[in-house]
Amino acid sequence: MELTTFPFLNQEEISHFYSLFQDLEGCFNGNTNLKKRRREDDEGDNNKKNNQSDKEGTKMSALNDILASLIMFNEEEEIEQNQWVIESQQDKGLFDANSKQKIQVMSDYQSNLQNYHSDLDEMDQLRTKRARSAATVVAAVAVDNAVSENPAQSGGSGSGSSGQHRRLWVKERSKAWWDRCNHTDFPEEEFRRAFRMSKATFDLICEELDSAVIKKNTMLRDAIPVRQRVAVCIWRLATGEPLRLVSRRFGLGISTCHKLVLEVCSAIYSVLMPKFLQWPDENKINTIKEEFKSMSGIANVGGSMYTTHIPIIAPKTRVADYFNKRHTERNQKSSYSMTLQGVVDPKGLFTDVCIGLPGSMPDDQILENSALFQRANRGQLRDVCIVGNSGHPLMDWVLVPYTHQNLTWTQHAFNEKIDDIQKVSKEAFMRLKGRWTCLQKRTEVKLEDLLVHLGACCVLHNICEMRNEEMDPELRFELFDDEMIPENNLRSVPSIQARDHIAHNLLHHGLAGTSFLV
C-alpha cells in the first residue's frame with residue numbers, strides 16, 4: 001500500500017474555511033431559532049384562543065344570570081300585580097259597602113226629615129186653629145163685656161170674664177231690671193252710668209220721640225211703652241252689648257230688641273237731627289267765629305273738622321273698599337271700617353257730619369265727597385273757613401297746618417294755634433266714642449243700618465253736650481286715626497298766600513304762643 005502525503009493548508013485557506021464554517025453555523029442556528037419562534041407563535045395563538053374561549057364562556061354565564069334575573073323579576077311582578085288586583089277588588093268591595101251604607105243612612109235621614117216637616121206643618125196648623133179660637137174667645141168676651149156694660153141696649157145682663165188674654169206662644173220674660181230702672185226711686189248715678197245721661201235728659205228724649213215711636217195696644221197684647229222702647233235703644237248704643245244681653249235686661253225677645261233699636265234710631269235721625277244737628281245760620285256762625293277767634297286769634301273760623309273710623313265686620317260686597325290698611329298694619333290683623341267726618345263748634349257740638357264712606361278712602365277724598373264740600377262749591381261758606389288736619393288739603397275755605405320740613409318760627413306759631421282748634425274736634429270725637437261704646441267695636445249691624453246708628457249717636461251726643469251731661473273719666477277713649485298727607489295738599493295760590501298772611505299776623509301782633517320755642 002502506498003502512502004501519500006497529506007497536503008497542509010495555508011493560513012488564508014484556513015481563515016476562508018473558518019468563515020465558511022461560521023456561516024453554516026449561523027444558518028443552522030437561524031433555522032433553529034425560526035423553529036423556536038414558530039413554536040412560540042403557535043403556543044401564543046393557542047393561548048389567545050384559550051383566553052378568548054374563556055371570555056366567551058364568562059359572557060355566556062353572565063347572560064344566563066341576567067336572563068334568570070329577568071325571569072325572576074317577571075315572576076315577582078306578576079305576583080305583585082295579582083296581589084294588587086286582589087287588594088283593589090277588596091277595596092272596591094269595601095267602598096261599595098260604605099257607599100250603600102251612606103245611601104241608606106241618607107235615605108233614612110231624608111225620610112226622618114220629611115216626617116219632621118210634616119209634624120211641624122201639623123203643629124203650625126194646630127197653632128193657627130188655637131189662635132183663631134183664642135181670637136174668637138176674646139171677641140166673645142169683649143162682646144159680653146160690652147153687653148154687660150150696656151144692659152139696656154142688649155136687653156139683658158151679660159156675663160164676661162175680667163182679665164187680659166194673651167197668646168199662648170208668647171214667652172214670659174223677667175222685666176225686673178227695667179222695672180227697677182224705671183222707678184222714681186232709682187238712684188240718679190246708677191241711671192246715668194247705665195244710659196250715659198240723666199233722667200231729665202232721658203225724659204226729654206222720650207217726649208220728643210213720643211209721637212214717632214208710640215204704638216197702640218191690640219186685642220191680643222199691650223204695646224211696649226215709649227220709655228221702654230227708647231231705653232232699649234239708648235242702652236244698646238251706650239254699652240254696645242249684643243242683642244241677647246239686651247233681651248235679658250228688658251225682658252223682650254231678641255228680634256223685638258233689634259226692631260226697637262232700628263225704629264228708635266230712625267226716629268232720632270229723622271225727628272231730632274233737624275232740631276239738634278244742623279249747619280248754623282248767619283247769627284250763629286258769627287258767634288262761632290268770635291269764640292274761635294278769642295281762642296286762637298284766627299278770624300273767620302267756622303268749625304273744627306276731624307275724621308274718624310268706625311270698625312265693622314268685613315262686608316259681603318265691596319270688601320276692598322272698606323279695608324283699612326293703616327289699622328291693619330297697626331293691629332296686625334285685617335281691619336275694616338266706615339268713616340265719620342264731623343265739623344264741631346267751640347263747645348264740641350256737631351254742626352255737620354258725613355257718614356258712611358268706605359274706610360280705604362283718605363281724608364281729602366272723604367271731604368270731596370261730603371255735603372260740606374258741595375255747600376262750599378255753591379258759595380254758602382263765604383268768609384268762613386274750616387280748620388282741618390294734615391290729612392286735608394289747603395283750599396280757600398279749608399285751613400290746615402304746615403306739613404313741610406324745616407319750619408320757620410312763624411309757621412311753628414301758626415301750627416300751634418291750628419292745633420288748639422283741632423283739639424276741640426278731637427275731644428268731641430273722644431267723648432262721642434267714649435259715651436257710645438257701640439262705636440268702639442265691631443257689631444253685627446248691617447252697613448245700611450249702621451248709617452242710622454251713627455247719625456243717632458251724633459244727635460244724642462249733641463243733646464248731652466247741650467244739657468252739660470258729665471261723662472265719667474273712666475269712659476274716656478283714645479283716638480287711633482292716622483293722618484295721611486294728600487299728594488296735592490295745596491289746591492290754590494290765594495289760599496297759600498292767605499295762610500302765610502295769617503301766620504305773619506299771629507307772630508308779629510303778639511297773638512302766637514311760645515310753646516314751640518321750648
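The values are calculated or read from the model by the stated rules, or taken from the named source; none is laboratory data. Note that this is a predicted model, so its numbers are computed, not measured. Heads up, the Cβs are rebuilt from the backbone with ideal geometry, glycines too, and the neighbour counts pull from every protein chain shown. With ligands, DNA and RNA removed, areas are computed over all heavy atoms of the protein, side chains included. Shrake-Rupley method; radii C 1.70, N 1.55, O 1.52, S 1.80 Å.
Below is a table of values for the structure above.
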{"item": "Burial ranking of peptide ranges 227-237, 420-430 (average Cβ count within 10 Å, highest at the top)", "result": "227-237, 420-430"}
{"item": "For segment 330-336, Karplus couplings with θ = phi - 60° (6.51, -1.76, 1.60), whole Hz, Gly/Pro x", "result": "6, 8, 6, 7, 4, 10, 10"}
{"item": "Most to least accessible of MET72, MET106, MET197, MET295 (protein chains only, probe 1.4 Å)", "result": "MET106, MET72, MET295, MET197"}
{"item": "Integer Hz, Karplus 6.51/-1.76/1.60 couplings in order for segment 439-444, x for Gly and Pro", "result": "7, 8, 9, 5, 10, 8"}
{"item": "Calculated from backbone phi, Karplus (6.51, -1.76, 1.60) coupling profile of segment 392-401 in Hz, x at Gly/Pro", "result": "9, x, 7, 9, 4, 10, 10, 10, 10, x"}
{"item": "Amide N of segment 379-420 lying under 11 Å from the label point, which is placed 7 angstrom from the Cα of GLU368 along Cα→Cβ", "result": "393"}
{"item": "Exposure ranking of ARG491, ARG318 by accessible area [1.4 Å probe, largest first]", "result": "ARG318, ARG491"}
{"item": "Within segment 314-353, backbone nitrogen closer than 18 Å to the virtual label 7 Å beyond the Cα of GLU470 toward Cβ", "result": "none"}
{"item": "Out-of-range pairs (alpha-carbon distance over 31 Å; input LYS293/LYS433; LYS199/LYS417; LYS175/LYS199; LYS275/LYS446; LYS102/LYS316)", "result": "LYS199/LYS417; LYS102/LYS316"}
{"item": "Area accessible to solvent at ARG221, 1.4 Å probe radius, in Å²", "result": "90 Å²"}
{"item": "Label point distance in nm, ARG382-ASN115, each placed 7 Å from Cα along Cα→Cβ", "result": "8.3 nm"}
{"item": "Segment 202-244-segment 439-500 distance, computed between alpha-carbon centres (Å)", "result": "27 Å"}
{"item": "Counting all C-alpha pairs of segment 175-275, share separated by more than 19 Å (%)", "result": "41 percent"}
{"item": "Under 14 Å from the Cα of LYS347 - aspartates and glutamates, other chains or at least 8 residues apart", "result": "GLU290, GLU291, ASP420, GLU427, GLU465, GLU469, GLU470"}
{"item": "Ordering of 182-190, 263-271, 322-330 by packing [mean C-beta count within 10 Å, highest first]", "result": "263-271, 322-330, 182-190"}
{"item": "Accessible-area order (highest first, 1.4 angstrom probe) of the listed residues LYS216, LYS259, LYS441, LYS417", "result": "LYS216, LYS259, LYS441, LYS417"}
{"item": "Segment 175-275: relative contact order as a whole-number percent, Cα under 8 Å and 6+ apart", "result": "30 percent"}
{"item": "Under-5 Å amide H pairs with ASP352, H placed in peptide plane, nonlocal only", "result": "VAL343"}
{"item": "Extent along principal axes [Cα atoms of segment 390-466; Å; largest to smallest]", "result": "49, 27, 24"}
{"item": "Ranked by how many other beta carbons lie within 10 Å on average, peptides 77-83, 466-472, 394-400 from highest", "result": "394-400, 466-472, 77-83"}
